[in-house]
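One structure is given below, encoded as C-alpha cells.
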Amino acid sequence: MRVDVVTIFPEYLAPLELSLIGRARRDGVLDVRVHDLRAFTHDRHRTVDDSPFGGGAGMVMTPQPWAEALDHVVATGPDGAQAVPHLLVPGPGGVPFTQAMARRLSEEPWLAIACGRYEGIDERVHEHAAERMPVTVVSLGDYVLNGGEVAALAIVEAVGRLLPGVVGNAESLVEESHEGGLLEYPVYTRPAAWDDGGVVREVPAVLLGGDHAAVARWRHEQRLARTAARRPDLLAPAATVAGLDDLDVRVATPADAPELLVLQRACWMPEARVSGSWPIPPLEESLDDVVAGLGEWTTWVARVPAEGGALGRLVASVRGRVRPGDPTVWETGRLVVAPDLQGRGLGRALLAHAESAAPEAVRSFWINTSRVMDANVRRYRRAGYRLVPGEGTYPGTVDLTKPRR
Ligand code: JDH
C-alpha cells in the first residue's frame, strides 16, 4: 500500500519509521511518502495561511499550495494507469475513524492524507480534490487537536497493521474480527503472585488452572462487565432516549412482571457485590412475588417506543403506595433504570412521576435504600430527600423522607 501525507510539519511523521510500521516500510509492504506543503508555495515567505473571509478567529490554509501539492501527488501515480489515491482529510467535523473504516481502507492500494492546521483548509480545496479523487473527511474522536498530523499517524498505524505481514502473529488479527463489539478482557503474565512492595497481587486462579472452557467463560464475563462499565453504548444502542418524555410510562400489569423481574435483577446486581450478607429482596423475588407486588403497590413501567406505535423494551420502573395504617405517608421505591439508559435523568423524572400520584392526604414521601449504595443515597438527596438517622426499616438500609410541598 502507498500512503502520501501532505503537511507543513514533515518531521511530525517521523515516528512512522519506528516499530512495526517502520519495519513494514523497509520491507516494502508500506510505501509512506511525506510531502512538505511549503514546497508548493511560490512566495518568499512560503505562506500557507491567511485570515478567514467573513471574520472569526485564527487563520485558514490558502488553496493554491494545497491544489498544487495534491496535483503533484496524483501525478506521481503509477505510469499509464489512471490511478488516484483515496484522499483522507482529518478534521474535527469528519466522519468517525473506526476499525471498520481502517479495514476498508486497508483494502485500497493508495491513500493520501491532507494534514491541515490552523482553523482548517479553504473549502475550495475539497472541491478541487473531489473532482479528481474520492475524498473522505475523517475525525479521530470528539476532542480538538491542533492539526491533522496526529490523525495521520493514527490512521497509518491502524491501517498499516492490517496489511498482510505487518503484525507478525496472524492470530492477533483474526481474533479482532471475532470481538463482537465487546471490550477486551484483562491480561496477565508472570509472576502468578507479584509482591508489589508488600501487597501480593495474584493472577485470577481460573487462568492458572488449565481449564480452557472455564478460562473462555471467565474472559467473556470480564468483557461483558467491562463493556457495561466503560462503554454501555456498545451493549445497547439506545441513544434516542434523552429523557422520560421519549418513553411510554404506564401502570404495570402482570403482563409486565417477567421483564420487570429481569430488570430488577440486572439493576440490583451491583448492590449484591458490595452489600455483604444482607438479603436483597429484588434479587431474591420470584416471578410470583413480583406479580404479588403489583397488587400491593402502584408500579409504573417505562418502555421505549417501537416501530408503528408498538412498545419496546421495558427500561425503567418505580412504585408507590400509601403507607399501610398511615395515609399521610407515600412510600416510594424500586426505582430502576436499565444500565444503558442511566445518566439521562430518567430515575429522577420517574420518581417525580410516582410522587405526583400520591393522594391529597399525603404529607410526606418516604423511600428506603441500601446504605452501601452511596450513589443512590446521593440521588435521593438531590431529589430533596433527607436521611432519617439510625438504621433503616430493613437491615443494612437507610430511610429517607421529604415533606410534600
Ligand atoms: C485536523 C486543523 C485544528 C481546531 C474549530 C472545531 C469548535 C478547527 N479528532 C480531531 N480533533 N481535531 C482534529 C483536527 C483538528 C484540526 C485539523 C484535525 C486541522 N485543526 C482545528 C478547531 C477547529 N473548532 C471544534 N468546534 C467544537 C470549532 C480546526 C481531529 C481529527 N482528525
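A few remarks follow.
- Matching option when the condition is under 18 Å from residue 394 (Cα atoms) and in the same structural domain as residue 263 (by TED's automatic domain parsing), among 324, 359, 339: 324
- Residue match in the range 127-149 (condition: modelled with pLDDT under 95, within 22 Å of the chain's Cα centre (by Cα), in the same structural domain as residue 27 (by TED's automatic domain parsing) and closer than 24 Å to residue 20 by Cα): no
- Hits in the range 382-405 - residues which are part of a loop (DSSP other than H, G, I, E, B) and over 36 Å from the mean Cα position of the chain (by Cα): 388, 389, 390, 391, 392, 393, 394, 395, 404, 405
- Counting the residues of the range 99-125 that are within 13 Å of the ligand (Cβ to nearest atom) and surrounded by 12 or more Cβ atoms within 10 Å (Cβ to Cβ) gives 12.
- Filter pass, residue 39 being crowded, with 19+ Cβ neighbours inside 10 Å and either among the hydroxyl-bearing types (Ser, Thr, Tyr) or in contact (Cβ under 8 Å) with a residue 24 or more places away in the chain (or both): no
- Residue identified as among the polar types (S, T, N, Q) and loosely packed, with under 13 Cβ neighbours inside 10 Å among 277, 317: 277
- Boolean, residue 254 is assigned by TED's automatic domain parsing to the domain that holds residue 341 and either touching a residue at least 60 places away in the same chain (Cβ under 8 Å) or surrounded by fewer than 16 Cβ atoms within 10 Å (Cβ to Cβ) (or both): yes
- Scope the range 209-225; condition more than 13 Å from residue 340 (Cα to Cα) and surrounded by 13 or more Cβ atoms within 10 Å (Cβ to Cβ); matching residues: 214, 215, 218, 219, 220, 222, 223
- Residues of the range 336-381 that turn out to be without any contact (Cβ under 8 Å) to a residue 40 or more places away in the chain and assigned to a strand (DSSP E or B), as a count: 4
- Of residues in the range 130-171 being of a type in the set (Asp, Glu) and farther than 26 Å from residue 77 by Cα, the one nearest to the ligand (Cβ to nearest atom): 142
- Filtered residues of the range 80-98 (kept if more than 15 Å from the ligand (Cβ to nearest atom) and either among the small types (Gly, Ala, Ser) or surrounded by fewer than 19 Cβ atoms within 10 Å (Cβ to Cβ) (or both)): 80, 81, 82, 83, 84, 86
- Of the criteria (1) surrounded by 13 or more Cβ atoms within 10 Å (Cβ to Cβ); (2) without any contact (Cβ under 8 Å) to a residue 12 or more places away in the chain; (3) not hydrophobic (A, V, I, L, M, F, W, C), which one residue 245 fails: (1)
The values are calculated or read from the model by the stated rules, or taken from the named source; none is laboratory data. Remember, it's a predicted structure, so these values are computed and weren't measured experimentally. Glycine gets a Cβ as well: all are built from the backbone with ideal geometry, and neighbour counts include every protein chain shown.
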